[in-house]
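Taken together, the values in this text are just the output of simple stated rules run on the coordinates, not laboratory data. Note that the structure is predicted; figures quoted are calculated from it, not measured. Heads up, the Cβs are rebuilt from the backbone with ideal geometry, glycines too, and the neighbour counts pull from every protein chain shown.
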Amino acid sequence: MYMIIVGAGSIGTSLIDIAVCEKHNVVLIDSDAERAREISNKYDITVLSGNATSADTVREAGADRADALIVTTSDDAVNLMVVSIATSLEIPSIVSVVNETEHADFFRKLGANVMENPEEVVAQHLYNAVKQPNVQDFALLPQGAQIFRLQISSDSPLANRSIADSIQRGTIPDSIRVLAVARDDENTQSIAMGDSILAEGDILTLFSLQRVSDDVIEKLVG
């Protein structure tokens, strides 16, 4: 994949690292000459020190053969201008960080996929790691939905029952669904089915339509 990345902050640099490891062709555009030089010295990629809000700069980065453009700066005005340019240049896949949630619709109207307020996502993850230590791999989704993992104990009301039975009994709330079950002692993970029997130590991947309270987490874990 030929990928243009705009911005070499913490998100952009991490993205470059992943893309290079996956052997994609990467071109970076960054307005900070010193930062661009550092990236050029660290990675075997094309680096342009310039203004990505100029269509000429995006063309120079290879817009005509790009499969994707990803904008990662902390300035939504800059990000939106770059997305607009990428749209006009018909780059097939456009993704942008959106730092202020209320701006997201402007990006979507231009056809961009968005990651809303990444700093808030990180903060929420750290908060949940402290507040709900039984919750693993927490991810916040749009409109308050969540995906998370937890490990059930022998005291959990889910243990030794099928998922369907736990739903029928109300142990699993209507707003939560079990997506997958990982069993440590067997080193396996499977798609959760209604007749799946859960056991002590199982690690469940769950989806919730809304924020899950501490009481519900404690009840499920046991």
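With a ≥ b ≥ c the root eigenvalues of the C-alpha gyration tensor of segment 1-128, is it rounded (a/c under 1.5), prolate (a/b larger than b/c) or oblate?
Values: a/c = 1.63, a/b = 1.16, b/c = 1.41.
Oblate, because a/c is 1.5 or more while a/b does not exceed b/c.
Between exposed trypsin sites (Lys or Arg not before Pro) in the chain, where DSSP calls loop and at most 16 other Cβ atoms lie within 10 Å, what's the longest gap?
Details: sites that count: 23, 211.
Longest gap between qualifying sites, sites excluded: 24-210.
Of 154, 40, how do they rank once you tally other Cβ atoms within 10 Å and put the fewest first?
Values: 154 10, 40 17.
In increasing order of surrounding Cβ atoms, one gets 154, 40.
Calculated FRET efficiency, residue 182 and residue 153, Cβ-Cβ r, R0 22 Å, to nearest 0.05?
On the way: r = 15 Å, r/R0 = 0.69.
The value I calculate is 0.90.
Measure out, as a whole number of angstrom, how far apart the alpha-carbon centroids of segment 53-99 and segment 32-49 sit.
So the two Cα centres are separated by 18 Å.
Label points 7 Å out from Cα along the Cβ direction at residue 113 and residue 193: separation in nm?
Placing both labels 7 Å along Cα→Cβ, they lie 3.1 nm apart.
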